[in-house]
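The next block holds one structure in the form of structure tokens; read it before the comments.
The values are calculated or read from the model by the stated rules, or taken from the named source; none is laboratory data. Because the structure is predicted, anything quoted here is derived from the model rather than measured. Quick reminder, even Gly has a Cβ in these numbers, built from the backbone with ideal geometry, and neighbours come from all protein chains shown.
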Amino acid sequence: MRSHRLLSAPAIAALGALAMAPAWSQSDISSSALDTEVRLTTDQRSRGISDSLNGPSAKLVLQWAHESGFSALAEINSVSKKQFTGGNGVGMLLGLGYRWGDPEGWHYGLGLAAELFPGAGVEAPHSLHPDTFEPQDLRRTRFNSTLAALEVGWGNLDARVVNVLSRDYRGLSTGTVCGSLVALRADPTAGLECYGRGDRSARGTWLLDLSYKMPINATTTLVAHVGHQQVRNFREANVTDYSLAVKHQRWGAEWTAEWVSPRTKARELYQVADGARLRATDNNRVVLTVGYKF
């Protein structure tokens, strides 16, 4: 079977930040505020999976919040062109939200978001010939997604539920998921079974997160997180991710050291062609980040 088209399929990842409200602030004295932040990181991770092919990345974050509870978020960051093929190496997250409640007690949030990778997409077969099992019905799947989010928290504990509204989620489709399993596994049985379920979409995928922030002192915070990606119609793409981060304020910047540990169900979906070799993007790693707000 000709499988070279599938080898350039991206590592599948998910929304790394809720496109709702920025962090609670009790010091705002104006009716609204706009924060600008630049972040440099050794590895851009989304739900534990690398978006930058295990390499460094830069991100610009714009957060606007109104005293009424309405907010907006825009993130622009660099991603790997080898993962997000056909694109310009840029990923964007745009969101609107509303948040209310007591930041030290029960608090809630609602939001809508769009994650965009301009120009990026991959062409893959959405079915196999019934007699020869040759790939057919080639279609282009884009990586853009739209999402709806609900957040519920109590004090330093936050739970978040995100639902995928778009047909595809970050390039997940019958062509990319089933095709990769057929092309990259020595035993294509799982891929054939995947195709046997018919042409499906990832709409309705759930992204679940639970985080706890523990202040160590006035400048240092410990953040523990667990997340789960439950992909509708493509259980092979399910991911559970764990992380433990230390955040420290120093010299006007926030410094973060984070241990990231994803657990993938089918590792083939997280292998990316880099020249003549395949590179895994779901490995455990310590990620270092520095962010500076203007």
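Scanning segment 207-249 for residues that are among the basic types (Lys, Arg) and either touching a Ser or Thr at 6+ places or on another chain (Cβ under 7 Å) or without any contact (Cβ under 8 Å) to a residue 24 or more places away in the chain (or both) turns up 213, 232, 247. For residue 33, the stated conditions hold: it is in a strand (DSSP E or B), over 23 Å from residue 175 (Cα atoms) and at pLDDT below 95. Answer with yes or no whether residue 72 is free of Cβ contacts under 8 Å to residues at least 60 places away in the same chain, surrounded by 15 or more Cβ atoms within 10 Å (Cβ to Cβ) and touching a Leu at 6+ places or on another chain (Cβ under 8 Å). Considered against the rule, which asks whether it is free of Cβ contacts under 8 Å to residues at least 60 places away in the same chain, surrounded by 15 or more Cβ atoms within 10 Å (Cβ to Cβ) and touching a Leu at 6+ places or on another chain (Cβ under 8 Å), residue 72 comes out as yes. Selection of first residues in segment 91-112 that are over 10 Å from residue 151 (Cβ atoms) and of second residues that are among the polar types (S, T, N, Q) and assigned to a strand (DSSP E or B), restricted to Cβ pairs under 6 Å at least 6 apart or on distinct chains, gives the following pairs, ordered by first then second residue: 91/77. Against the numbered list (1) assigned to a strand (DSSP E or B); (2) modelled with pLDDT of 95 or more, residue 282 comes up short only at (1). Could you say whether any residue in segment 78-90 is in contact with a Leu (Cβ under 9 Å, 6 or more places away or on another chain), at pLDDT 95 or above, outside any strand (DSSP E or B) and among the β-branched types (Val, Ile, Thr)? Among the residues of segment 78-90, at least one is in contact with a Leu (Cβ under 9 Å, 6 or more places away or on another chain), at pLDDT 95 or above, outside any strand (DSSP E or B) and among the β-branched types (Val, Ile, Thr), which makes the answer yes. The residues of segment 84-119 that are closer than 25 Å to residue 157 by Cα and among the aromatic types (Phe, Trp, Tyr), listed by number, are 98, 100, 106, 108.
Filtering segment 94-144 to residues that are of a type in the set (S, T, N, Q) and modelled with pLDDT under 95 leaves 127, 132, 136, 141. Scanning segment 109-148 for residues that are farther than 20 Å from residue 204 by Cα, aliphatic (A, V, I, L, M) and part of a strand (DSSP E or B) returns 122, 124, 128, 138.
All conditions in (1) surrounded by fewer than 19 Cβ atoms within 10 Å (Cβ to Cβ); (2) assigned to a strand (DSSP E or B) hold for residue 209, with the sole exception of (1).
Would you confirm whether or not segment 171-186 contains a residue that is within 14 Å of the chain's Cα centre (by Cα) and outside any loop (DSSP other than H, G, I, E, B)? Within segment 171-186 (the criterion being within 14 Å of the chain's Cα centre (by Cα) and outside any loop (DSSP other than H, G, I, E, B)), the answer is yes, since at least one residue qualifies. When the residues of segment 252-279 are filtered to those that are modelled with pLDDT of 95 or more and among the aromatic types (Phe, Trp, Tyr), the one that is surrounded by the most Cβ atoms within 10 Å (Cβ to Cβ) is 255.
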